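To keep things clear, I will list the structure first and then write my remarks on it.
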Amino acid sequence: MTKDKSGRTSAGILLWRSREGRLEVLLAHQGGPFWVKKDIGHWTIPKGEVEPGEELVAVARREFAEETGCEAPNQPLIELGQITQKSGKLVLGWAVEGDLDPSTAVSNTYEMEWPPHSGVVQTFPEIDRVEWFDLDEARRRLKAAQVPFLDRLQAALASTPTDSQRRLSMARSTISRPVRPEKTD
């Protein structure tokens with residue numbers, strides 16, 4: 001059963017990169033005993049809850065850092081809008097281009113009694129791993145309610161030329177054509 005989280009809001013950042021002409025996104029797998037055997041449909045964008053009065057983008061950046069151990073790139077953000085998860089929680093997302101080595105990611109932790117009713121309190125990472133996925137695989141791994149973030153990112157990137165596309169366009173426009181000598185008779 002899903003715990004009712006209506007009335008709560010989270011903000012997060014979807015990191016993206018281009019590899020060999022493919023768009024890839026960095027997703028996070030929740031840590032702890034409830035998630036250890038869950039994979040397909042259980043990944044998320046790095047995100048966290050917004051407290052009253054907090055600025056949404058600042059929360060998204062803070063949560064990315066807490067859950068990956070790395071600051072989000074200080075690049076322009078692509079607004080991905082909002083979705084509502086099955087629990088009722090509202091999630092706002094932004095995307096930013098960057099790179100991160102998953103083997104260096106370290107998440108913050110939380111404590112809980114485990115096993116239940118044992119009296120033993122254990123510490124678990126909020127996020128136990130992050131991985132890069134192409135969009136097809138990301139759609140399989142991501143929570144269903146968050147999949148629209150992928151579609152919105154793909155649409156935004158399709159309508160906005162990338163730096164490499166701009167450089168290629170500029171290079172094409174500056175290529176000079178060979179000058180043919182005028183014929184003289």
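Could you please let me know if LEU90 is crowded, with 16+ Cβ neighbours inside 10 Å and either of a type in the set (Asp, Glu) or under 27 Å from GLU20 (Cβ atoms) (or both)? So that I can check it myself, show each step before the final result.
Working: crowded, with 16+ Cβ neighbours inside 10 Å: yes; either of a type in the set (Asp, Glu) or under 27 Å from GLU20 (Cβ atoms) (or both): no.
Taking the combined requirement at face value, the residue does not satisfy it.
Out of curiosity, is TRP114 farther than 20 Å from VAL130 by Cβ and of a type in the set (A, V, I, L, M, F, W, C)?
Details: farther than 20 Å from VAL130 by Cβ: yes; of a type in the set (A, V, I, L, M, F, W, C): yes.
Here the answer is yes, as TRP114 does meet what is asked.
Filter the stretch 93-115 down to the residues that are small (Gly, Ala, Ser) and in contact with a Pro (Cβ under 7 Å, 6 or more places away or on another chain), then identify the one that is surrounded by the fewest Cβ atoms within 10 Å (Cβ to Cβ). Steps first, please.
Step one: list which residues in the stretch 93-115 are small (Gly, Ala, Ser), which gives 93, 95, 98, 103, 105, 107.
Now narrow it down to the ones that are in contact with a Pro (Cβ under 7 Å, 6 or more places away or on another chain): 98, 107.
On the way: GLY98: 17, SER107: 21.
Out of the qualifying residues, it is GLY98.
Selection of first residues in the stretch 6-25 that are over 11 Å from ASP134 (Cα atoms) and of second residues that are in a strand (DSSP E or B) and hydroxyl-bearing (Ser, Thr, Tyr), restricted to Cβ pairs under 9 Å at least 6 apart or on distinct chains, gives the following pairs, ordered by first then second residue: SER6/THR84; GLY12/THR44.
Conditions tested, residue by residue: (1) within 11 Å of the chain's Cα centre (by Cα); (2) within 18 Å of ARG139 (Cβ to Cβ).
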site: GLY32; (1), (2): no, no
site: LYS38; (1), (2): no, yes
site: THR44; (1), (2): yes, yes
site: GLU54; (1), (2): no, no
site: ALA60; (1), (2): yes, no
site: ALA72; (1), (2): yes, no
site: ILE83; (1), (2): no, yes
site: LEU90; (1), (2): no, no
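Residue-by-condition table, conditions (1) out of contact with any helix residue (DSSP H, G or I) (no Cβ under 8 Å at 6 or more places or on another chain); (2) among the hydroxyl-bearing types (Ser, Thr, Tyr):
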position	(1), (2)
SER10	no, yes
LYS37	yes, no
THR44	no, yes
GLU67	yes, no
ASP99	yes, no
SER103	yes, yes
TRP114	yes, no
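Scan the strands (runs of 3 or more DSSP E) fully inside the stretch 37-151 and keep the ones with 1 or more residues being of a type in the set (Ser, Thr, Tyr) and either at pLDDT below 95 or out of contact with any Leu (no Cβ under 9 Å at 6 or more places or on another chain) (or both). Full working, then the answer.
On the way: elements: 47-49, 78-84, 90-97, 109-113, 121-125, 127-134.
The strands (runs of 3 or more DSSP E) meeting that bar are 109-113, 121-125.
For THR123, the conditions (1) touching a Ser or Thr at 6+ places or on another chain (Cβ under 6 Å); (2) free of Cβ contacts under 8 Å to residues at least 40 places away in the same chain; (3) within 25 Å of ALA156 (Cβ to Cβ) are fulfilled apart from (3).
The values are calculated or read from the model by the stated rules, or taken from the named source; none is laboratory data. The model shown is predicted, which means the values in this text are computed figures rather than measured ones. Glycine gets a Cβ as well: all are built from the backbone with ideal geometry, and neighbour counts include every protein chain shown.
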